[in-house]
């Protein structure tokens, strides 16, 4: 009985998460270039070192808002040439441009870490810069 | 009584798990040094060593838990497997898939997802053999006519939910999911959080099984508290994952619900193990000395991780700790301190039950040396990660490099203690590996020689 109730909760909760729970207003639809960039990001396993919204590896910085913080040219130069701490992975100019477009798309989805927020007395956080 | 041929498949899973953990720790140490010296081992950069480390350590947890189930059911519960051949197929497909995954990492072919960084196609054999495992498990338990003790429920639930959440983690293959960034991240971490919950079900089920066997009664497996843990674990599995995504702009109530639920599960497990420990007689402690020590260590790590989990699950604190090494400390503390200690307890419980005292001492000196090196170095390792995490979380500047320099001393301690952790664990794993080998040899009719080591309990 309890197991069945919990299992049904899981099913309905999952359905909610897949739809309305994650239906947030954000900027433009993903472009073809950004879509390709997402694929390149995965193929080179960038998540091993970088995060979005703090999720991923911690060797490199979080990239959620790297475009608005540093600019597309800066991000592109980093990817193309590498640095003392980030290897040059040998991406082609097209791949680099696609990844920058993808990072630009991610940038439109929210702010991380949050800049404007309220903390309640019972410990929850209301983020005023949430896109919703 | 000698193990029979059909019991050996479980032992083979356990030994494969040991190899997997030994390799995983080696690559973890390399990855730790690459944090400090990014040029270290140019041929195998961090984007390759990290997936090897993660996949091998996660495999250890699954292999050791699965191996225990395949061993305990036919050998101790007298429930012969519905299909021993299906278990053998499961084993060999795991080996072949594991080799293919390692090859993909070394050659730089990635799927690029957290936990499952290998190409998506390699998930197919894991997916298919998991179905085989589930069918085998539930058909085997059909012979058990009494109400199930809680560990059977936990294993069954772990199997079902791993299957569901493993499928869920591949929803990104559908454009609807991957083209909305918030949905993509939330669903990804929902599946990983629940998947971790599913392997915790397998491991905690093993903990309660071993605990009740050593204590010699089934009370802990049929108590209200045990079922309370089970249902709370399941509730955490379903709703608790969202504490990973407090800062992702999903619906607010999802995060608040996760906050409320995240507080409970470890406490209950700690209480059960604590009660069990107090109920043991000196004889039982000595008889299963190695297994007891590892379970006791798991108990201590439960409380340490409980404190950290409580802190990072409070959204106001999560603002500082999220996206820092504190999350790594929590993951390492849980996978090594809790899951691995429980699974090592399970391994040495099997050894104690199968090998007589004159072959292997209850309190083996080598195992205890490894035990102490592992736990002391894990404590230092854990603390270094927490300090590095605070350094990163409290840094207010805009330069990642400057922040990295500030926390570097903690990462040096982390890397050095990681070496000690690996060496201590290798000592334990080597003993477990060769002792399980002796059980297999005896099942094959070979004469087994003793260690020449006296039991501390008997001396």
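Does region B:135-151 hold any residues that are assigned to a helix (DSSP H, G or I), over 18 Å from the mean Cα position of the chain (by Cα) and surrounded by 16 or more Cβ atoms within 10 Å (Cβ to Cβ), and which are they?
Once the filter is applied, which keeps residues that are assigned to a helix (DSSP H, G or I), over 18 Å from the mean Cα position of the chain (by Cα) and surrounded by 16 or more Cβ atoms within 10 Å (Cβ to Cβ), region B:135-151 yields B:136, B:137, B:140, B:141, B:150.
Quick one: which residue in B:383, B:411, B:421 is at pLDDT 90 or above, under 28 Å from the mean Cα position of the chain (by Cα), surrounded by 14 or more Cβ atoms within 10 Å (Cβ to Cβ) and within 13 Å of chain A (Cβ to nearest Cβ)?
Values: B:383 fails: within 13 Å of chain A (Cβ to nearest Cβ); B:421 fails: within 13 Å of chain A (Cβ to nearest Cβ).
Within the list B:383, B:411, B:421, the selection yields B:411.
Of the listed requirements (1) over 22 Å from the mean Cα position of the chain (by Cα); (2) without any contact (Cβ under 8 Å) to a residue 24 or more places away in the chain, residue B:156 misses just one: (1).
Yes or no, residue by residue, for (1) away from chain B (no Cβ under 11 Å); (2) in contact (Cβ under 8 Å) with a residue 12 or more places away in the chain:
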{"site": "A:5", "(1), (2)": "no, no"}
{"site": "A:19", "(1), (2)": "no, no"}
{"site": "A:33", "(1), (2)": "yes, yes"}
{"site": "A:55", "(1), (2)": "no, no"}
{"site": "A:64", "(1), (2)": "no, yes"}
{"site": "A:74", "(1), (2)": "yes, no"}
{"site": "A:98", "(1), (2)": "yes, yes"}
{"site": "A:107", "(1), (2)": "no, yes"}
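Applying the condition of being under 24 Å from residue A:34 (Cβ atoms), at pLDDT below 90 and touching a strand residue (DSSP E or B) at 6+ places or on another chain (Cβ under 7 Å) to region A:79-120 and asking which residue is surrounded by the fewest Cβ atoms within 10 Å (Cβ to Cβ) yields A:114. All of B:43, B:114 fail the test of being at pLDDT below 90, within 14 Å of chain A (Cβ to nearest Cβ), surrounded by fewer than 22 Cβ atoms within 10 Å (Cβ to Cβ) and part of a helix (DSSP H, G or I), apart from B:43. If only one of A:17, A:30 is surrounded by 17 or more Cβ atoms within 10 Å (Cβ to Cβ) and under 30 Å from residue B:154 (Cα atoms), which one is it? Step by step, each of A:17, A:30 is checked, and only A:17 is surrounded by 17 or more Cβ atoms within 10 Å (Cβ to Cβ) and under 30 Å from residue B:154 (Cα atoms).
Please work out which residue is modelled with the lowest pLDDT, limiting yourself to region A:121-132 and to residues that are more than 8 Å from chain B (Cβ to nearest Cβ) and touching a strand residue (DSSP E or B) at 6+ places or on another chain (Cβ under 9 Å). Steps first, answer last, please.
So in region A:121-132, the residues more than 8 Å from chain B (Cβ to nearest Cβ) come out as A:121-122, A:128-129.
Among the residues that remain, those that are also touching a strand residue (DSSP E or B) at 6+ places or on another chain (Cβ under 9 Å) are: A:128-129.
Numbers: A:128: 63, A:129: 60.
Among those residues, the one meeting the criterion is A:129.
When the helices (runs of 4 or more DSSP H) confined to region B:162-235 are screened for residues that are facing chain A (nearest Cβ under 10 Å), those reaching at least 2 such residues are found at B:175-178, B:181-215. Here region B:247-262 is the region considered, the condition is being assigned to a loop (DSSP other than H, G, I, E, B) and facing another protein chain (nearest Cβ under 7 Å), and the residue that is farthest from residue A:23 (Cα to Cα) is B:247.
The values are calculated or read from the model by the stated rules, or taken from the named source; none is laboratory data. Source: prediction; values computed, not measured. Positions of Cβ are generated from backbone atoms using ideal geometry, with glycine treated the same way; all protein chains shown enter the neighbour counts.
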